[in-house]
1. Taking θ as phi - 60°, what are the ³J(HN,Hα) couplings along the stretch 283-295 by the Karplus curve (6.51, -1.76, 1.60), each to the nearest whole Hz, with x for Gly and Pro?
2. Lysines within cross-link reach of residue 63: Cα-Cα under 28 Å, excluding same-chain residues under 8 positions apart?
3. Taking each pair of distinct Cα atoms in the chain once, what is the resulting Kirkwood hydrodynamic radius in Å?
4. Test of the criteria: in the stretch 246-287, which trypsin sites (Lys or Arg not before Pro) are in a DSSP loop and have at most 13 other Cβ atoms within 10 angstrom of their Cβ?
5. Output the antiparallel fraction of DSSP beta bridges having both residues in the stretch 155-370, as a percent to the nearest 5.
6. Under 8 Å for C-alpha pairs, at least 6 residues apart: give me the relative contact order for the stretch 155-370, rounded to a whole percent.
7. Would you please give the FRET efficiency between residue 339 and residue 65, computed as 1/(1 + (r/R0)^6) with r the Cβ-Cβ distance and R0 = 41 Å, to the nearest 0.05?
8. Compute, for the stretch 155-370, the length of the dipole vector about the Cα centre, with Cβ point charges of +1 (Lys, Arg) and -1 (Asp, Glu) only. Units Debye, rounded to 20.
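Just so you know, all these numbers are worked out from the coordinates, no wet-lab data involved. Quick caveat, the model's predicted, so the values are computed rather than measured. Backbone-built Cβ (ideal geometry, glycine too); neighbour counts: all protein chains shown.
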Amino acid sequence: MKKVLLKGPILTNSGYGVHSRQVFKALRTINDIDLYVQSTMWGNTSWILDDNFDNGIIASIVKYCHKSKKGLKYDTSYQVMLPSEWQTIADKNIGITAGFEANIVKSSWIDSCNNMDHIIVPSEFSRNAFITTSINCNKKIITNMSVVNEWYYDEFDKDISNEEYLIDLKYDKNILIIGQICSINSYECDRKNILKTVSVAAEFVKDKDIGIILKVNLGSYSVSSFNKIKDVLKELLPDDVLKKVAIVFGSLDVKELKSLYEHKKISCMLSGTSAEGWGLPFIEAASCGMPIIAPNFSAYKEFLGNDFLKIEYDMKIVSKEYSNFFDEDTSPLWSNFREDSMKKCLRDFFKNEDIYIENSNRLKSIIKQNYNMLSIIEDYKKVFESNF
């Protein structure tokens, strides 16, 4: 029986954490392997401590972590990490990454790819960034690279809605803004453009009976982080609009998360993100039939198709704050949404809400068919079979 190691930030509340847990679920469907897990950090993100989270997945992962010991030799490793963190620690090594969300990546990552036996990325958008970099720096990628998408929570297919969740919302119509605030000091450093998006949404709702729901964090769910967010919002928004903002803070279980996307008083999800290597909130919202308004750029276009309201954008050079992810002599680009276009999309949505709800329900059926857990695991199995 072959020893297989999964290494990544599998216990963290992060996108890479979700990605790691999906790989874990896929590997557990393979009967003839001896699986081991090594959990790593992911920046300053919180760890998930609830053993019952996502059908008890955390408690199961911890058991596999306890199996790992120094000195063990592995036949195959799956490393869900940035390419610079990959290591040749087994006879065969598979790197799994979303790369960096711009149009190019660090040129040394091409070398990292070529040191592995196989690469898995979640989207064509991510793969194209590696290919473009390879062409620009004249380094050929000799390692096979597969695209295996990510899925929405499989529990979303169950009737687990919580009717009492967020029962006290003041407005019958609300705009959901969800994600991690990457910087509270500069729009340029906030990849997901949360505060800029909040500012535009606030201008839109100020004279309307529409509220804003913020499901945001600063990488952790500490009391100090919550207080920082409140302080930033007080500086950002006038008092009359601030009263329209409800903050959902802390880690949600899957049932609560689904209830957020399906809540009768939450009309749509609004994003001004610069780029996404996949976009978990997007596929989660789409799987629940929630209308989405977002820039017409990056990976989520691959599964949203034309069934979302597309915000126009300009390309801008990525802030130097992200210089660890690209070379000094390059100018990586990602999107910068146009504020007037975001407002136009919001006006269009609330004017034609029934039409966009119908579109989103049609998309929901497509998402459920193509991006469910069992379908994606079959794609993983094809990669596994070629690397065991």
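1. 6, 5, 4, 5, 5, 9, x, 7, x, 10, 10, 7, x
2. Output for residue 63: 2, 3, 7, 25, 73, 92, 158, 255, 258, 381, 382.
3. Taking the inverse mean of 1/r over all distinct Cα pairs, the chain comes out at 21.7 Å.
4. Values: sites: 255, 258, 264, 265; in loops: 264, 265.
Filter output for the stretch 246-287: 264.
5. On the way: 5 of 22 bridges.
The answer is about 25 percent antiparallel.
6. Values: 356 pairs, mean separation 46.9, N = 216.
Across the stretch 155-370, relative contact order equals 22 percent.
7. Values: r = 46 Å, r/R0 = 1.11.
After rounding to 0.05, the efficiency reads 0.35.
8. On the way: 30 positive and 35 negative charges, 68 e Å.
Roughly 320 debye, rounded to the nearest 20.
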